[in-house]
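Encoded as structure tokens, the structure appears first; notes follow it.
The values are calculated or read from the model by the stated rules, or taken from the named source; none is laboratory data. Note that the structure is predicted; figures quoted are calculated from it, not measured. In this analysis, Cβ positions are derived from the backbone assuming ideal geometry, glycine residues included, and neighbour counts consider all displayed protein chains. Surface accessibility is based on the protein's heavy atoms, side chains included, excluding ligands, DNA and RNA. Shrake-Rupley method; radii C 1.70, N 1.55, O 1.52, S 1.80 Å.
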Amino acid sequence: MVSEKLTTLDDEHEAENAEEILSYNTELSSDSYELIGSRLIVKGHSHSRVLYRKSDGRISSMEYDTPFSQLFDCEENADIADIAFILLPAGEYYEIIDGAISMELRVVSQLVCYENKEISCVTDAYACGCEYELEEEKRQISVQRDKNKLNKSVTAVYDLPADAASVYVSSVKFGKITPAGSGINVPLVINAMYADKENNLYAFRVRENTEFEDVQCDNAEVILASINCGLIGGKAQFEAKIELQCTESRIDEFTAVTAMKLNTDAKPIKSPSLYIVRAENSDIWSISKKYGADQNRIKAINEICDDDDIRGRMLLIPKS
């Protein structure tokens, strides 16, 4: 299932003596999903970072989360293996109204659902009392999509002028994720501002790279969990905690039987009409195939149930 919807989020937070919004940034994240009947409920949140000037000229900042959910119609009791939920900001509006910072955010939600599918095929076969030739071919199937979450802290430092009095984060962006040896490299860009002693604002940018080791995946997404900044010894210091979400497709290779052909040239093999053997394992199929016998007859004669552990038992194997 593929679907797209437009959502509008409204939120408001008190900001004492707020006079002018200087910058704002919004980050969107999906959190969870739940299928209830024919409704798929996807939950997420927006994280807002607002920098504003107060009426006395001082600079202040505000951060807050706004949760939201989105409903999608799907088939009754659909068998969903996984979803890809992409959130795109279509419009961001921040303004100061009656001493509060008001936000209106328009979000485009794109949803792709992956179904569970079962594929049946014959991987082994034998015939009782006859010799057959099996025609086989190698096949591959994606049996599972594993999701991994890895967390890492990144520290960045930037030299500021001597008159810097405070520092603020405007936004955080991630660059293109690239392979790096046995892992992947994640570029990090921090857009920030510092204020001098007279509350004048200056923008600057910090770039940093972090590497996740021993990570191999088909799809990777980086989410900013948190970021802290401070002014220490004339330097702007940033500590960002990032979360890497990666999906790995596991491929299983197997041999499928595509046809069985009776070998009419084969000479019949003389064999006893009854074998008495000790079971090495509980696999009736392999025992039946080894002696060319019918597994249902073996189970009936030896009074074997499906869940019985027959390892070490003496079995009567009738010739078919």
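The number of residues in the range 157-179 being at pLDDT 90 or above, open to solvent by 50 Å² or more (accessible area, probe 1.4 Å) and of a type outside the set (Phe, Trp, Tyr) comes to 7. Taken over the range 88-107, the criterion of being part of a strand (DSSP E or B) and open to solvent by 30 Å² or more (accessible area, probe 1.4 Å) is satisfied by LEU88, PRO89, ALA90, GLU92, TYR93, GLU95, ILE96, ILE97, GLU104, ARG106. Part of a strand (DSSP E or B) and open to solvent by 60 Å² or more (accessible area, probe 1.4 Å) - does that describe any residue in the range 188-204? The answer is yes, given that some residue of the range 188-204 is part of a strand (DSSP E or B) and open to solvent by 60 Å² or more (accessible area, probe 1.4 Å). Counting only strands (runs of 3 or more DSSP E) wholly contained in the range 210-320, the ones carrying 3 or more residues that are farther than 30 Å from ALA195 by Cβ, in contact with an Asp or Glu (Cβ under 6 Å, 6 or more places away or on another chain) and open to solvent by 30 Å² or more (accessible area, probe 1.4 Å) occupy 235-262. Counting residues in the range 69-78 that are closer than 30 Å to HIS13 by Cα, more than 21 Å from the chain's Cα centre (by Cα) and in a strand (DSSP E or B) gives zero.
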